[in-house]
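One structure is given below, encoded as structure tokens.
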Amino acid sequence: MLTEYQADQIRGIWPESRSFDDGGYGPIPSRWNGTCQEGQNFTISHCNRKIIGARWYTGGVEDVDLSVDYQSPRDYQGHGTHTASTAAGSLVRNVSFHGLGNGTVRGGAPRARLAIYKACWGDSISCPEATVLKAIDDAIHDGVDVLSLSIVGRFFLPFATLHAVARGITVVFSTGNDGPLPQSLSNDLPWLISVAASTIDRSFPTEVTLGNNQTIVGQSLYYGLEDEGFKELFFIPSCFTDSLNSTNMEGKIVVCFDSINAPGAIASSAVVAIQNFLQVVDSLRQANAKGVIFARSPLGLLQYFRNFLCILVDNDVLWQINAYATSDASPVAKVSPAYNIVGSRVMSTRVAAFSSRGPSILFPDLIKPDITAPGVNILAAMFDSYAFDSGTSMSCPHVSGIVALLKNIHPKWSPAAIKSALVTTAYTTDAYGFPIEADGIPRKLADPFDYGGGHVDPNKAVDPGLVYDVDPNDYFKFFNCTNDVSSCDLVDNRLYHLNLPSVSISDLKTSVTVNRTVTNVGDTNSVYRAIVQSPPGVDVIVEPSMLEFNASKNTQTFVLTFKALRAVQGDFTFGSLTWTDGGNHTVRIPIAVRVIIQDYFSITS
């Protein structure tokens with residue numbers, strides 16, 4: 001039971017959702033200092049023993065965002081309700097999106113309590129720094145245990161988040177949806193848990209029957225319309241909105257390549273592709289088209305549009321449709337409702353194409369993101385119902401819920417110890433033993449700049465064996481190093497000397513030595529041995545290669561020496577260091593090293 005733990009999120013909430021039912025909860029803990037702030041369509045009665053606090057902030061918010069939103073903690077856009085229920089929603093049975101994804105929903109920490117701090121507003125989900133800063137300050141004062149922030153911004157509010165961590169509050173951030181381009185992530189400070197997004201073992205195949213009786217399969221959230229017969233197909237090579245506006249498409253199913261991913265197009269970020277996709281859909285709906293079959297691989301973001309078909313297919317599938325459409329004088333197609341596939345028949349896990357990537361522009365001596373978690377087609381509360389959504393905003397609360405569980409099981413663990421437990425126990429291979437891939441153009445094997453330590457494994461994180469802990473004072477030293485280096489107290493003024501569960505050396509010329517200290521949180525008497533996977537082109541030596549722990553000695557320090565094997569102006573390469581006790585504990589940290597001969601970089605990832 002997590003009745004003594006509170007999670008905070010910086011968005012509004014729809015309190016009537018079944019995911020926030022407080023049945024079975026005891027009294028609100030006496031240490032809680034928060035309040036339930038009333039406003040438009042929100043009264044004290046909307047708080048309960050589940051939602052124990054709610055505040056709202058308007059400082060710095062544009063009038064255009066305030067005018068369309070509820071002047072209260074109530075959620076206007078749905079994002080806050082979705083993320084809050086993902087982190088700590090109560091168990092609700094028989095939930096689906098019109099039959100898709102049917103089953104039982106619950107948050108990562110279903111018995112945790114929630115405090116809501118609405119700092120983001122309007123259709124644009126604007127989150128001014130003034131409102132977020134005040135929300136974090138109030139959350140610290142109120143006594144939250146976890147801050148879950150599904151918002152992005154480079155070097156976002158370092159003082160506020162560092163203050164929270166120094167008070168023992170774990171701060172979890174999304175990294176952003178600007179992937180798959182390198183150096184695209186936000187929220188890359190070392191005291192944060194920065195979360196990437198990955199796919200899950202669920203898909204929604206949708207059969208499209210062509211007029212020649214050929215059946216092709218795409219993906220959609222289509223659950224059936226009143227008229228499901230054959231419709232005329234209209235093929236356009238590329239979905240540029242200008243060409244769509246000049247064509248008669250009323251009642252037709254339009255078939256086209258995304259202009260971003262069409263043959264010959266230059267790969268761009270997922271944000272650009274998503275914006276183009278939404279513009280295409282808007283243009284087609286205005287033209288009274290029946291729907292679209294859209295080659296938008298590999299983004300995989302399924303969205304539902306009322307009374308409008310939207311089927312995503314791979315490029316090769318679209319070419320099959322094109323071959324039929326160009327050979328038939330009156331091409332037609334019929335779309336069947338999507339159905340569920342869950343489990344081993346779905347290849348997962350993959351880092352989502354939209355998930356922002358490292359390395360960090362500001363701090364290349366840090367590996368970011370820290371971890372990845374499910375963030376594609378996540379079913380969670382949306383107003384008084386349930387809906388799918390995708391993004392690192394969805395993966396962030398998965399980790400926040402796990403953090404709440406860990407804080408309940410290990411109340412004395414610091415935020416750094418909790419992050420270490422998540423990173424060092426993450427997995428890097430899928431259920432079949434294949435390395436996790438990262439979606440993009442092209443798809444590739446994932447590396448630490450895609451997923452940090454790997455995909456989060458909550459069960460293993462409970463018992464990590466060893467943790468890399470950090471005194472908050474060391475974070476303050478780091479902060480000094482980001483400004484005037486004359487006040488920097490870190491060795492060599494380099495950030496890779498922080499005792500993090502990762503190592504990134506962005507400019508190895510000859511040799512670099514770093515120290516790490518681990519604390520035993522597993523069996524009192526234990527022996528760990530090192531397994532080193534050196535990055536290509538680098539020799540990594542760990543001394544000592546064996547660590548012994550007992551009742552009188554539960555911390556050990558070791559030295560990592562990195563040596564360049566050849567003088568080149570190189571790119572980042574990746575490896576790992578794993579400590580294993582030969583039993584239940586495998587403690588793995590990712591390593592990233594870039595060998596250089598000149599102090600400039602022409603390749604970034």
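Numbers at a glance
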item	result
Rounded to 10°, Cα long-axis angle of helix 472-481 versus longest principal axis of the chain	80
Bridge type composition, the chain - antiparallel percent by DSSP, nearest 5	60
Sites matching trypsin sites (Lys or Arg not before Pro) across region 357-429 that sit in DSSP coil, with at most 16 neighbouring C-beta atoms within 10 Å	K412
Number of Lys pairs (Cα under 19 Å; 8 or more positions apart or on different chains) in region 387-522	4
Structure-derived Cα extents along the principal axes in Å - corresponding label in (1) 82, 77, 42; (2) 80, 64, 46; (3) 107, 60, 54	(2)
Two-site label geometry, Y339 and N480: point separation in nm, points 7 Å out along Cα→Cβ	6.5
Sparse-neighbour loop sites [chymotrypsin sites (Phe, Trp or Tyr not before Pro); region 381-460; at most 11 other C-beta within 10 Å; DSSP]	Y432
Loop-located chymotrypsin sites (Phe, Trp or Tyr not before Pro) in region 316-352 whose Cβ has at most 13 other Cβ within 10 Å (DSSP)	Y339
Cα centroid separation - region 139-168 against region 306-323, whole Å	43
Taking Y304, Y475 and counting other C-beta atoms within 10 Å, the order from fewest to most	Y304, Y475
Efficiency of FRET from Cβ geometry, N102 and D599, R₀ 51 Å, rounded to 0.05	0.35
Net lengthening on full extension, S545/F383 (0.36 nm per residue, minus Cα-Cα)	52.9 nm
Tilt relative to the chain, helix 392-409 - C-alpha long axis, 0 to 90 degrees, to 10	40
Spatially proximal lysines relative to K231 (Cα-Cα < 25 Å; intrachain offsets below 8 disregarded)	K252, K290, K334
Average Cα contact separation per residue, the chain, under 8 Å, 6 or more apart, as relative contact order %	14
Between helix 270-286 and the chain: long-axis angle, C-alpha atoms, 0 to 90°, nearest 10	20
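Readers should treat all values here as calculations from the given coordinates under stated rules, not as data from a laboratory. The structure presented is a predicted model; accordingly, all values stated were derived computationally and were not measured. Ideal geometry is used to build each Cβ from the backbone, glycine not excepted, and the neighbour counts take in all protein chains shown.
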